[in-house]
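To start, the structure itself, in C-alpha cells.
Bear in mind that the values in this text are calculations on the coordinates, not laboratory data. What you see is a predicted model, and the numbers here were worked out from it, not measured in a lab. Heads up, the Cβs are rebuilt from the backbone with ideal geometry, glycines too, and the neighbour counts pull from every protein chain shown.
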Amino acid sequence: MINIVLFGPPGSGKGTQAKILAEKYGFQHVSTGDLLRSEVGNETPLGLEAKTYMDKGDLVPDVVVIGMIGNLLDDKAGKVKGFIFDGFPRTVAQAEALDKLLTEKSYQINKVMSLHVDDDELVRRLVERGKVSGRSDDNEEAIRNRLVVYGDNTAPVADYYADQLKLSDVVGVGSIDDINAVLCEHVNGVVGS
Ligand code: B4P
C-alpha cells in the first residue's frame, strides 16, 4: 500500500490535485477538511466542536484529527491500493502520530509533495472560491488567519519529512494539468511505473 502526502498552504491546490491523483492511481483520497466538514454538516458532537475552530481558520485540536485518521486506518489500511492524504498532517505532532499509526500496520509514508504558491495568489483563490463554496472559512479575515497558522504550525512539517528524505517541492502556480503532470512524475517514482 502506497501512502502519499499532498502538502501546502490553504488554497495551494491540495484538494484539487488530490482528487485527480486519487482517480488516476485508484488511491483513496483522505481530506481531513472534508471529513471535518461532513461532521459539521451532520452536527455530530465532534463536528460542533470542530466548527468553532474552523470558522476562525484555526486548526482543530490534534487529538480530534488523529483519532479520526486512526479510525479510518483501522477500517481501510491494507484494503486499498494507497492513500492520498490531503490537509493532513498539519502539525509535527500529527506527522509523528501518522508515522506511528502506519508503522504499527507495517506501512510508511512513501512520498510527500509540497505545493508552493505565494500568499497573494492563495488569498485571491480562496476569496474567489468563497463566492461559491459557502464555506464559512473562505472569507478574508479567516483566510489571513489560516495563512498565519500555516506558517506557525504547519510549515515545520515540511522539515520533518525533508529529514526523512521524502519531501519534493512542486511549483503550484500554472495550469492544473501542468502541475498534475509534475506530481504524477513523483508518484510514478514510488509506484514504480
Ligand atoms: P482544508 O479543507 O484542508 O482547506 P484548504 O487547505 O483551504 O483547501 P485546499 O488547499 O485543499 O484547497 P484547494 O487548494 O484545492 O481545511 C479547512 C479547515 O479544516 C482548516 O482551516 C482547519 O480548521 C481544519 N482542518 C483540516 N485538516 C486539519 C488537520 N489535519 N488538523 C487540524 N485542523 C484541520 O483549492 C483552493 C482554490 O484554488 C479552489 O477554488 C481551486 O479551484 C483553486 N485552484 C486550485 N489549483 C489552482 C491552480 N493551479 N490555479 C488556479 N486556481 C487553482
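Hey, what did the stretch 2-182 get for relative contact order, percent, Cα under 8 Å, at least 6 apart? Walk me through the intermediate numbers first.
Values: 246 pairs, mean separation 63.3, N = 181.
Normalised by residue count, the contact order of the stretch 2-182 is 35 percent.
Simple rule: put +1 on each Lys or Arg Cβ and -1 on each Asp or Glu Cβ in the chain, find the dipole, and look at Ser168, Leu48, Cys184; the Cα lying farthest toward the positive end is Cys184.
Can you order the peptides 52-59, 30-37 by their average number of other Cβ atoms within 10 Å per residue, highest first? Each step should come with its number before you reach the end.
On the way: 52-59: 16.8, 30-37: 19.9.
Ranking the peptides 52-59, 30-37 by packing returns 30-37, 52-59.
Each other residue within a Cβ distance under 11 Å of Ile2 adds +1 if Lys or Arg and -1 if Asp or Glu, for a net charge of +2.
FRET efficiency for Asp58 and Gln164, Cβ-Cβ distance as r, R0 = 25 Å, nearest 0.05? E between Asp58 and Gln164, to the nearest 0.05, is 0.35.
Holding the Cα-Cα limit at 24 Å, pick out from Lys14/Lys166; Lys51/Lys111; Lys14/Lys56; Lys51/Lys81; Lys19/Lys131 the pairs that are longer than that. Intermediate results must be reported in sequence, preceding the final value.
Values: Lys14/Lys166 17 Å; Lys51/Lys111 30 Å; Lys14/Lys56 20 Å; Lys51/Lys81 32 Å; Lys19/Lys131 21 Å.
Table pairs above 24 Å Cα-Cα are Lys51/Lys111; Lys51/Lys81.
Under the convention that each Lys and Arg Cβ holds +1 and each Asp and Glu Cβ holds -1, the size of the dipole of the stretch 19-169 around its Cα centre is about 620 debye.
Considering only DSSP states other than H, G, I, E and B, which GluC sites (Glu not before Pro) in the stretch 38-107 qualify as loop sites with at most 15 other Cβ atoms within 10 Å? Please report the intermediate quantities before stating the final value.
On the way: sites: Glu39, Glu43, Glu49, Glu96, Glu104; in loops: Glu43.
Here the GluC sites (Glu not before Pro) that fit, given the DSSP loop and packing criteria, are Glu43.
Each peptide among 137-145, 75-83 gets the average number of other Cβ atoms lying within 10 Å of its residues, and from highest to lowest they stand as 137-145, 75-83. For the chain, the direction-averaged projected area of the alpha-carbon convex hull comes to 10.3 nm².
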